[in-house]
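Participant: This is the structure, below, for whatever I ask next.
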Ligand SMILES: C[S@@+](CC[C@H](N)C(=O)[O-])C[C@H]1O[C@@H](n2cnc3c(N)ncnc32)[C@H](O)[C@@H]1O
């Protein structure tokens, strides 16, 4: 099984939870995560991206009756009217170098994830690129991410990935799995089978854009 298949397996083993799980890919861009989720029968998948061009590329390759919702929005202004079980962000959060923007993002995710839900976050690590696509990046080790995602989230797992880009460079990522906690409630256990290292492997394959 290729890397994309591995990405799917990271999400599918949740027999106690029933279908469908609602997955939000924030700043999905050209990533093929949405394709892999569909192949695994996920029926509740949403991609939000500020770029219509990115969404158009996804729209073009989806089947006509695809259940995927493609939403063009700036995540920092977006006001979802529902909640999600998984919030996935690869290479988007690290563009938020302004503390006020970071706060808007963490507030949005806190509001949008159900208690016990998972935030799967892939951001440049401290040795990672200082700019990407001409934009400055914030870079994080697990402790750094934990400081930002402290309010209502608990860091469950983190690891580093040396991502070999198609153009021959290496990008260092920190991957983190946070759970959304609700005050006074214990953790939900329904995401116990989420295998972050597998998400990470898949992430390495589909990083879009050149830094
Ligand atoms: C480096 S790409 C990563 C794409 C994808 N997540 C991946 O890993 O391949 C960043 C994506 O985030 C989108 N993006 C950046 N800022 C955004 C924002 N404020 N709101 C929504 N999308 C945003 C861009 O349009 C782009 O598609």
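Participant: Taking the conditions exactly as written (at pLDDT 95 or above and over 16 Å from residue 90 (Cα atoms)), does residue 138 satisfy them or not?
Facilitator: Criteria not met by residue 138.
Participant: Output the residue which, of all residues in the stretch 24-41 that are away from the ligand (no atom under 13 Å from the Cβ) and in contact with a helix residue (DSSP H, G or I) (Cβ under 7 Å, 6 or more places away or on another chain), is modelled with the lowest pLDDT.
Facilitator: Looking at residues that are away from the ligand (no atom under 13 Å from the Cβ) and in contact with a helix residue (DSSP H, G or I) (Cβ under 7 Å, 6 or more places away or on another chain), I get 40.
Participant: Something else: Can you name the residue in the stretch 102-119 that is farther than 19 Å from residue 71 by Cβ and within 15 Å of the ligand (Cβ to nearest atom) and, of all such residues, is surrounded by the fewest Cβ atoms within 10 Å (Cβ to Cβ)?
Facilitator: Across the stretch 102-119, the extreme among qualifying residues is 103.
Participant: Hey, could you check the stretch 138-167 for residues that are part of a helix (DSSP H, G or I) and out of contact with any strand residue (DSSP E or B) (no Cβ under 7 Å at 6 or more places or on another chain) and say which is nearest to residue 112 (Cα to Cα)? Walk me through how you get there before you give the answer.
Facilitator: Residues of the stretch 138-167 part of a helix (DSSP H, G or I): 142-148.
In the following step, the residues that additionally are out of contact with any strand residue (DSSP E or B) (no Cβ under 7 Å at 6 or more places or on another chain) were identified as 143-144, 147-148.
On the way: 143: 23, 144: 22, 147: 20, 148: 17 Å.
So the residue we want is 148.
Participant: Just checking, does the stretch 81-90 include any residue being loosely packed, with under 12 Cβ neighbours inside 10 Å, at pLDDT 90 or above, within 13 Å of the ligand (Cβ to nearest atom) and over 15 Å from the mean Cα position of the chain (by Cα)? Steps first, please.
Facilitator: Looking only at the stretch 81-90, we keep the residues that are loosely packed, with under 12 Cβ neighbours inside 10 Å, and these are 81-82.
Within this subset, residues satisfying the condition of being at pLDDT 90 or above are 81-82.
Still in the list and also within 13 Å of the ligand (Cβ to nearest atom): none.
No; the residues of the stretch 81-90 include none that is loosely packed, with under 12 Cβ neighbours inside 10 Å, at pLDDT 90 or above, within 13 Å of the ligand (Cβ to nearest atom) and over 15 Å from the mean Cα position of the chain (by Cα).
Participant: Another question, if that's okay. From 58, 34, grab the single residue that is touching a residue at least 12 places away in the same chain (Cβ under 8 Å) and under 15 Å from the mean Cα position of the chain (by Cα).
Facilitator: 34
Participant: Name every residue in the stretch 42-55 that is within 12 Å of the ligand (Cβ to nearest atom), assigned to a loop (DSSP other than H, G, I, E, B) and under 16 Å from the mean Cα position of the chain (by Cα), in order of residue number.
Facilitator: Hit for the stretch 42-55 is 50, nothing else.
The values are calculated or read from the model by the stated rules, or taken from the named source; none is laboratory data. Note that the structure is a prediction, hence the values are computed from the model and not measured. Cβ: placed from backbone, ideal geometry, glycine included. Neighbour counts: every protein chain shown.
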